[in-house]
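The values are calculated or read from the model by the stated rules, or taken from the named source; none is laboratory data. Predicted, not measured: the structure shown is a model, and the values here were computed from it. Heads up, the Cβs are rebuilt from the backbone with ideal geometry, glycines too, and the neighbour counts pull from every protein chain shown.
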Amino acid sequence: MAVRALAESSDGDGRGDFEITNEEFIKFRDFFYAKTGVQFAESKRYFVDKRIVERARDRACYSFRQYFMLLRTDASGTEMQQLINLLTVNETYFFRENYQLESLVRFVLPQIAARKRPGDTIRIWSLPCSTGEEPYSIAIAVLDEWAQSDQFQIEILASDLDTRVLASARSGVYGERSLQNVGLDVRKRYFTRHGLRDHQIIPELRESIDFFQLNIANKAEMARHRNVDIIFCRNLLIYFDDVSRREAVASMFESLVPGGFVFLGHSESMSRMSSLFVPRRLGDCTVSQRPLEGK
Ligand SMILES: C[S@@+](CC[C@H](N)C(=O)[O-])C[C@H]1O[C@@H](n2cnc3c(N)ncnc32)[C@H](O)[C@@H]1O
C-alpha cells in the first residue's frame, strides 16, 4: 500500500506529486527517530507524507528516493532542520497545567532555596519551550508568586529542537489563543499591545530568558548543561518510544543537581519510564526528584 500524499505544485499541474510506499515511510521514520527520538505513529502517516512531498517539491526532487538522498547527504543540516520545523507538534499556551506552577512556587522552590545561600543561582529549564509561553509563564509565576525571588539569581533556560518556534519565542508576540489564561493584571504588567490583535512580552522579560536550540535526544548536547535545579519537560516524551524516553530521562538526570526536580506533562509518568527518580507529591501534582546524594 502507498499513501497518496498530494501536495499540489504551485502551478497546479501536479508536477512533483509522488507516492511514498510503506517501505519508504519506514526508512524515513527510522531516520527521523534516530535524529530526534520522535516516533511517528501510523495515524500520523498522512501528515508526515504530505510534508515530505511538499519539501521534496520545494527542493526540486520528484521522488522519495531523490529527496531522501538529499536529506541524508546535506552536510549543512539545513534540509533536516526545515523538515523538523514542519513535523514537530508545537501546541502550547500560557499557564498550561497551572497547578504545576503553583507547586513550583509553594513547594519546589522553597526546597531548592533551603539548600542554597542568598545570592546563589537557581536554574530552571523549560525543555521543550516551543513558542515560549511555558518559560514566560514560569518567569511570571516566580516573580509574582514567590516571595523569596529577589534573594536569588533566577536563571531561566528555554530550548527546543525547532528553530522556527525559537524565533517566535524570542520575539514574544502572542495572539488571544495563547493568552486565554492570562488575566488583565498580568497583561498590563508584562505585555504591550502589538498591532491590532496581538500582545508582546515586555523587553525586560524577553531578555531575561536564555533561548537556545537543543535536541534532547543528543547526549553530547545535553551534557553541556549541568547544575540545573528544575526541569519542565512537558508534552514532549509522549512523542518518543520507550527507548528514547529512557535515554532522555537519563540525560535530564545528569543535567540536574542532586535533589533537583522534573515536572512532566499530565499524561506522562516517570515511573513508567525510569526508576532513577523519586516521586514526590507536592501540592496538587507529583514531581520527580533526583535523590540527594547518599539518600
Ligand atoms: C507540544 S510542545 C510542548 C511545549 C511545552 N512544553 C508545553 O507543554 O506546552 C512539544 C515541543 O517539543 C519539541 N521537540 C520535539 N522533539 C524534540 C527534541 N528531540 N528535543 C527538543 N525538543 C523537541 C517540538 O519542537 C515542540 O515544540
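Which condition breaks for TYR93 when tested against (1) under 18 Å from LEU264 (Cα atoms); (2) assigned by TED's automatic domain parsing to the domain that holds SER267; (3) in contact with an Asp or Glu (Cβ under 6 Å, 6 or more places away or on another chain)?
With (1) under 18 Å from LEU264 (Cα atoms); (2) assigned by TED's automatic domain parsing to the domain that holds SER267; (3) in contact with an Asp or Glu (Cβ under 6 Å, 6 or more places away or on another chain) applied to TYR93, the lone miss is (2).
If I ask for residues that are exposed (fewer than 15 other Cβ atoms within 10 Å of the Cβ) and under 25 Å from the mean Cα position of the chain (by Cα), which ones from the range 49-73 would you list?
ARG72
Among the residues that make up the range 207-214, is at least one of them buried (at least 17 other Cβ atoms within 10 Å of the Cβ), over 30 Å from GLU42 (Cα atoms) and within 19 Å of the chain's Cα centre (by Cα)?
Yes, because at least one residue in the range 207-214 is buried (at least 17 other Cβ atoms within 10 Å of the Cβ), over 30 Å from GLU42 (Cα atoms) and within 19 Å of the chain's Cα centre (by Cα).
Can you give me the number of residues within the range 129-168 that are of a type outside the set (Phe, Trp, Tyr) and assigned to a helix (DSSP H, G or I)?
Selection size over the range 129-168: 21.
Give the residue, chosen from TYR67, TYR93, TYR136, that is touching a helix residue (DSSP H, G or I) at 6+ places or on another chain (Cβ under 6 Å) and within 13 Å of the ligand (Cβ to nearest atom).
Just a single option satisfies the conditions, and that option is TYR93.
If you take the residues of the range 215-244 that are in contact with a helix residue (DSSP H, G or I) (Cβ under 8 Å, 6 or more places away or on another chain) and free of Cβ contacts under 8 Å to residues at least 40 places away in the same chain, which of them is farthest from ALA139 (Cα to Cα)?
ASP242
Within the bounds of the range 266-282, is there any residue that is touching a Phe, Trp or Tyr at 6+ places or on another chain (Cβ under 8 Å), at pLDDT 95 or above, in a loop (DSSP other than H, G, I, E, B) and of a type in the set (Lys, Arg)?
Looking through the range 266-282, none of the residues is touching a Phe, Trp or Tyr at 6+ places or on another chain (Cβ under 8 Å), at pLDDT 95 or above, in a loop (DSSP other than H, G, I, E, B) and of a type in the set (Lys, Arg).
If I ask for residues that are part of a helix (DSSP H, G or I) and within 11 Å of the ligand (Cβ to nearest atom), which ones from the range 225-244 would you list?
Matches in the range 225-244: LEU237, ILE238, TYR239, SER244.
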